[in-house]
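The values are calculated or read from the model by the stated rules, or taken from the named source; none is laboratory data. This one's a predicted model, so the numbers in the text were calculated from it and none came from an experiment. We place every Cβ from the backbone using ideal geometry, glycine too, and count neighbours over all the protein chains shown.
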Amino acid sequence: MAVMRRESPSGIVRMYPEQRRPARRYPDRDDGRDYERDSWWSRPLTTAILAALAVLVAYQLLSGVATWAHVRLDDLRYGYPRSYQIDGFVGFGESNGLPTHVVALNLHRQVEILVIAGDDPSHISVIKGPQLFGSADDLAPVTLRLVDVNDDGYPDLALTVDNQQMVWIDEPHAGRFRPLLPQERFAASRVLGGTL
């Protein structure tokens, strides 16, 4: 073992065993710092920036996976194009005891409702619904409910798509659904629990 001689400012000479120091990364610098141990993770600002970038990347990955899973779940539930079907006794076209079949479709951002009478499936009435304008609104699910909003004893047709609600009033004597009139909006919003 080699011995190293060191003098202090007071003139005292001390003998220490020689310690091996790791090689410096920058040998031309002689400021006494050990550059091998002074790496990028020992600086707090660099660590904070890298942690923020890691959180941002994780957020982007997780939100992308969540969006993909939501679209796949809607594909399984509503199909593509998005569709929804419901059966109900609406007061017309049910003389043979079969309910009226109602189908809502989101065909490339145009919502259409097909009403198929139970006693005559060869005559289909088509109701043109709202036109959707969002970037991914062709993937928006369409749902239907049969609920009596004007207290006439016949279920009316309530459509929900892209956080919008629309109502068509059942007219059994005419054998069709008609759009909601302005004076009927308050009663419909009270029954459906939202704004129309």
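If you scan region 134-157, which residues turn out to be closer than 24 Å to residue 192 by Cα and assigned to a loop (DSSP other than H, G, I, E, B)? Residues satisfying the conditions are 140, 141, 148, 149, 150, 151, 152, 153, 154, 155. Could you tell me whether region 178-193 includes any residue that is of a type in the set (Lys, Arg) and loosely packed, with under 11 Cβ neighbours inside 10 Å? Yes, because at least one residue in region 178-193 is of a type in the set (Lys, Arg) and loosely packed, with under 11 Cβ neighbours inside 10 Å. Is it true that residue 119 is touching a residue at least 12 places away in the same chain (Cβ under 8 Å) and surrounded by fewer than 16 Cβ atoms within 10 Å (Cβ to Cβ)? Answer is yes for this residue.
Of all residues in region 158-166, at least one satisfies being in a strand (DSSP E or B) and among the hydroxyl-bearing types (Ser, Thr, Tyr). For region 120-150, the set of residues classified as in contact with a strand residue (DSSP E or B) (Cβ under 9 Å, 6 or more places away or on another chain) and among the acidic types (Asp, Glu) consists of 137, 138, 148, listed by residue number.
Flag: residue 156 does not match the condition of being modelled with pLDDT under 85 and over 26 Å from the mean Cα position of the chain (by Cα).
Out of the residues in region 75-113 meeting the condition of being surrounded by 20 or more Cβ atoms within 10 Å (Cβ to Cβ) and assigned to a loop (DSSP other than H, G, I, E, B), tell me which one is modelled with the lowest pLDDT. The extreme case among them is 93. Residue 115 fulfils the conditions (1) closer than 23 Å to residue 180 by Cα; (2) touching a Lys or Arg at 6+ places or on another chain (Cβ under 6 Å) except for a single criterion, (2).
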